[in-house]
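I have placed the structure first, in the form of structure tokens, so that the comments after it can refer back to it.
The values are calculated or read from the model by the stated rules, or taken from the named source; none is laboratory data. Being a predicted model, the structure only gives us computed values, none of them experimental. Don't worry about glycine lacking a Cβ; one is built from the backbone with ideal geometry, like all the others, and counts go over all protein chains shown. We work out accessible area using only protein heavy atoms, side chains counted, and drop any ligands, DNA or RNA first. Shrake-Rupley method; radii C 1.70, N 1.55, O 1.52, S 1.80 Å.
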Amino acid sequence: MRSIATEQKMLDAAEELLSNGDAQHVTVENVVRLAGATVGSFYARFGNVEGLFEALHKRYLDSIFESKILEALNQSIDQPDLKSGLRHGCKILLEFGYEKRKLIAYFISHPSDDALLVRQVAVESMFNNLKAHQSEVAHKDLKRASENATRLIYFTLLGIVFLEPSEFIGRKTSLSSVIDATTQMAYAYLTTE
């Protein structure tokens with residue numbers, strides 16, 4: 001149990017170092033100092049800094065699947081109309097992005113094949129949502145419409161990960177209002193040609 005707690009403290013420390021700077025700040029010395037661990041325990045768990053980043057990557061992917069975000073995105077399909085489905089999906093993605101912003105920031109700036117897979121799943125979820133509400137969608141090519149709508153939401157996610165909502169748009173606002181605005185933009189795009 002103590003070993004797992006020590007590993008989690010070192011991963012938390014690495015996340016904190018990433019959020020306050022860049023990957024160059026994530027050194028063995030900085031991680032163990034911040035985590036209150038020893039150099040030996042670091043090497044026993046991760047082998048080297050690359051092993052630490054692999055563990056962070058796994059933590060990032062696990063947080064996506066443990067949060068049930070994919071299941072929640074699929075629930076967008078069950079909403080009574082397109083706008084409700086979009087709002088549900090935007091809320092899930094943007095709240096998750098804001099909550100996990102430290103970890104996501106690193107993986108956005110250091111993309112991997114897994115990150116591409118996560119984006120593809122988001123596009124597929126949007127596509128299924130558009131198929132379920134096809135009568136409301138003005139675009140004939142649902143695949144392209146789902147890619148563009150997902151891209152719009154992804155760009156908002158980028159802003160939320162790297163900036164506070166108020167900094168993102170230049171005036172005091174809440175995450176909820178950013179979710180509403182993003183939903184409205186995606187809906188306007190999808191319902192007009």
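Couple of notes before you dig in:
- Whichever residue in segment 73-95 is surrounded by 18 or more Cβ atoms within 10 Å (Cβ to Cβ) and free of Cβ contacts under 8 Å to residues at least 40 places away in the same chain and, among such residues, is nearest to L142 (Cα to Cα): H88
- Meets criteria (at pLDDT below 95, open to solvent by 70 Å² or more (accessible area, probe 1.4 Å) and over 30 Å from A23 (Cα atoms)) for E124: yes
- Candidates are the residues of segment 132-143 that are in contact (Cβ under 8 Å) with a residue 40 or more places away in the chain and either assigned to a helix (DSSP H, G or I) or β-branched (V, I, T) (or both); the one that is least open to solvent (accessible area, probe 1.4 Å) is V137.
- Checked against the criterion of being over 15 Å from the mean Cα position of the chain (by Cα) and among the polar types (S, T, N, Q), the candidates T156, T173 yield just one match: T173.
- Total residues in segment 1-19, condition open to solvent by 60 Å² or more (accessible area, probe 1.4 Å), under 18 Å from E99 (Cα atoms) and at pLDDT below 85: 1
- Test result for T156, surrounded by 13 or more Cβ atoms within 10 Å (Cβ to Cβ), part of a helix (DSSP H, G or I) and touching a Cys at 6+ places or on another chain (Cβ under 9 Å): yes
- Residues in segment 159-193 that are surrounded by 17 or more Cβ atoms within 10 Å (Cβ to Cβ) and not in a helix (DSSP H, G or I): none.
Listed here are the residues, each with its yes/no results for (1) more than 28 Å from N128 (Cβ to Cβ); (2) surrounded by fewer than 17 Cβ atoms within 10 Å (Cβ to Cβ); (3) within 17 Å of the chain's Cα centre (by Cα); (4) modelled with pLDDT of 85 or more.
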{"site": "G36", "(1), (2), (3), (4)": "yes, yes, no, yes"}
{"site": "R45", "(1), (2), (3), (4)": "yes, no, no, yes"}
{"site": "V49", "(1), (2), (3), (4)": "yes, yes, no, yes"}
{"site": "E71", "(1), (2), (3), (4)": "no, yes, yes, no"}
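- Which numbered condition R119 fails, given (1) part of a loop (DSSP other than H, G, I, E, B); (2) within 25 Å of R144 (Cα to Cα); (3) touching a residue at least 24 places away in the same chain (Cβ under 8 Å): (1)
- From the options I92, I108, I77, I104, residue that is closer than 25 Å to A23 by Cβ, modelled with pLDDT of 75 or more, assigned to a helix (DSSP H, G or I) and of a type in the set (A, V, I, L, M): I104
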